[in-house]
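The values are calculated or read from the model by the stated rules, or taken from the named source; none is laboratory data. Keep in mind that this is a model prediction, so the values were computed, not measured. Reconstructed Cβ throughout: ideal geometry from the backbone, glycine too, with neighbour counts over all protein chains shown.
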Amino acid sequence: MLADTLRFFIQTLGGLFAVAVLLRFAMQAMRVSFSNPFSQFIMRITDFAVKPMRRIIPGIGGYDWASLLLAWLTEVLVIVLLQWLGGFPFSLAGSGAWLAMVGLGAIELVKLALYLIMGLVLVRAVLSWINPYSPIAPVIYPLTEPLLAPFRRILPASQIDFSPLVLLILCQFILAVPLASLERAALGAF
C-alpha cells in the first residue's frame, strides 16, 4: 500500500515537473511572451532547477537545452525510483539495464511531449469556440501554430479547420506504433 502511494506521488510530481520544464523549453523555442501570468508561473516553478543547470548546459541556437535536459533527467529519475520501489536489483544490473533506463527516459519524454501537444491543441480548439481572447491564448496560440500550419497548407480550405484533428490523429499514431514498439524493446532489457 505504501509502495503504491509512493509510486503515485513519484509519477505525478515527476510528470508535472517534467511538463513544466518541457513547457518552458517550448515557450522559449517558440518565442512566447514571458509577460503573460501563465508564462511567469512556469518560469517561477522551474527556475530553482533550470538556472543551476544553465551553468553547465548553455543555451545554443536560441534553445534552452538546460530545460530539455532537465526534463529528460526527470523522466530518467522517475523510472529509476519506480524500479527501485519495485525491487529492481541495481547491484546486479549491468550496463544494459542502465542504458535501457536512459532510453526509456527519452521515450517517456517524447510521449510526454506528444501528450502535451495534444493537450495544447485541444485547449486551443476549445478556446477558439468559447473565448479566443482568453488570457492564456497568447501562450497557447504560438505554441500550437507552428504545428498546425503545415497541415493547413495541405488540407483543402473549408469553413472548419481540420488541422487540429489531423495533428491529434498523427500524435496518437506515433504513440501507438513506433513509440510503443520502442518502449517494448527497452523494457525487454529488464
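If you go through the range 30-69 and keep only what is surrounded by 15 or more Cβ atoms within 10 Å (Cβ to Cβ) and under 21 Å from GLU145 (Cβ atoms), you end up with MET30, VAL32, ASN36, PHE38, SER39, ILE42, ASP64, SER67, LEU68.
Exactly one residue among ILE57, ILE42 is touching a Phe, Trp or Tyr at 6+ places or on another chain (Cβ under 9 Å), more than 23 Å from PHE8 (Cα to Cα) and in contact (Cβ under 8 Å) with a residue 12 or more places away in the chain, and that residue is ILE57. Residue under question is PRO138, and the condition is that it be within 21 Å of ALA26 (Cα to Cα), modelled with pLDDT of 90 or more, of a type outside the set (Val, Ile, Thr) and in contact with a Lys or Arg (Cβ under 8 Å, 6 or more places away or on another chain); does it hold? When the stated conditions are applied, PRO138 does not pass them. The number of residues in the range 110-161 being part of a loop (DSSP other than H, G, I, E, B) and either over 22 Å from the mean Cα position of the chain (by Cα) or surrounded by fewer than 12 Cβ atoms within 10 Å (Cβ to Cβ) (or both) comes to 12. The helices (runs of 4 or more DSSP H) located wholly in the range 1-109 that include 2 or more residues which are under 20 Å from the mean Cα position of the chain (by Cα) and among the charged types (D, E, K, R) occupy 2-29, 37-56. Whenever a residue of the range 163-188 is more than 26 Å from ARG153 (Cα to Cα), its partners that are in a helix (DSSP H, G or I) and among the small types (Gly, Ala, Ser), lying with C-beta atoms within less than 6 angstrom and at least six residues away or across chains, give the pairs ALA186/ALA100; ALA186/GLY103.
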